[in-house]
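Okay, structure first, notes after.
The values are calculated or read from the model by the stated rules, or taken from the named source; none is laboratory data. Quick caveat: nothing in here was measured; it's all calculated off a predicted structure. Virtual Cβ from ideal backbone geometry, glycine too; neighbours counted across all protein chains shown.
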Amino acid sequence: MAHRPQKKKNQAPLPEDEAAKTDTLDERNLVDAEKSAELSFEDRVRMYWESNQGFIIACIALALVIILGYQGLGVYQETTQRNLQSAYAAISNTAERSEFARQNSGTRLGGVAALEVADEYFSSGDHNAAAEYYSLAAAALEGNLLVGRARVGAAISVYETGDSARATALLDAIVNDNTLAQAARSEAVFHLAVNAYAEGDFESFQAHAQRLDGFFHNEIWVERLAEYRARVAQRTR
């Protein structure tokens, strides 16, 4: 015989005080949800600020420190540069310019001063001192258009001291340095050709002369080399 499903027994009603509590809780939750939905944007911002004001203040303080530090560094650098320019403008002789170049060897202006000192020493025939200051200038002017001129000057000064092997190595390095201006590399090839001519190495002279033809901004050096080419042509007939 099939069993009939048992009928659910009616649950006993809650006491009146428990039912009242349940109704009260439900109404309060409903009111809180309605109030939360009605919060204005200003109220939400205020609540977020009250919950996170410590973190926000710390972020603002850090940002101010970074900004003020960056601005302070800029002011310091500008002041230092102005003082350096004033000191350079006050130089009146080679000794002062030499001292300035040594004391400010890590700056572009110090490099320019070293280049001027090197030119003066070269003109006076002191090629050892010229080579030293050309090298000092080249280090300070790295990445500047004048660095090629300084390096060529150092190589020629070394050649004038009698160290042709080292001078040739320095000039070769300039010619093969693609970061340098074409004008400086053309001049270096010219000097290699002339040095080869002076040493009677006409084969190397011809090789350097042909290489010079392949450089841009070579007009002045090609023109100056024309006389040497004519002499070599006469010798090799």
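Some notes on this structure:
- Of the residues ASP177, ASP172, the single one that is touching a Gly at 6+ places or on another chain (Cβ under 9 Å) and within 21 Å of LEU141 (Cβ to Cβ) is ASP177.
- Residue in segment 184-196 that is surrounded by fewer than 21 Cβ atoms within 10 Å (Cβ to Cβ), basic (Lys, Arg) and either without any contact (Cβ under 8 Å) to a residue 40 or more places away in the chain or assigned to a helix (DSSP H, G or I) (or both) present: no
- Among the conditions (1) closer than 30 Å to ASN104 by Cβ; (2) touching a residue at least 24 places away in the same chain (Cβ under 8 Å); (3) crowded, with 23+ Cβ neighbours inside 10 Å, the only one that TYR134 does not satisfy is (2).
- Per-region count, segment 96-141, residues more than 25 Å from the chain's Cα centre (by Cα) and of a type in the set (Gly, Ala, Ser): 8
- Of all residues in segment 137-162 being in a helix (DSSP H, G or I) and charged (D, E, K, R), the one that is surrounded by the fewest Cβ atoms within 10 Å (Cβ to Cβ): GLU160
- Considering segment 216-236, the residues that are of a type in the set (A, V, I, L, M, F, W, C) and within 12 Å of ALA183 (Cα to Cα) include one that is modelled with the lowest pLDDT, namely PHE216.
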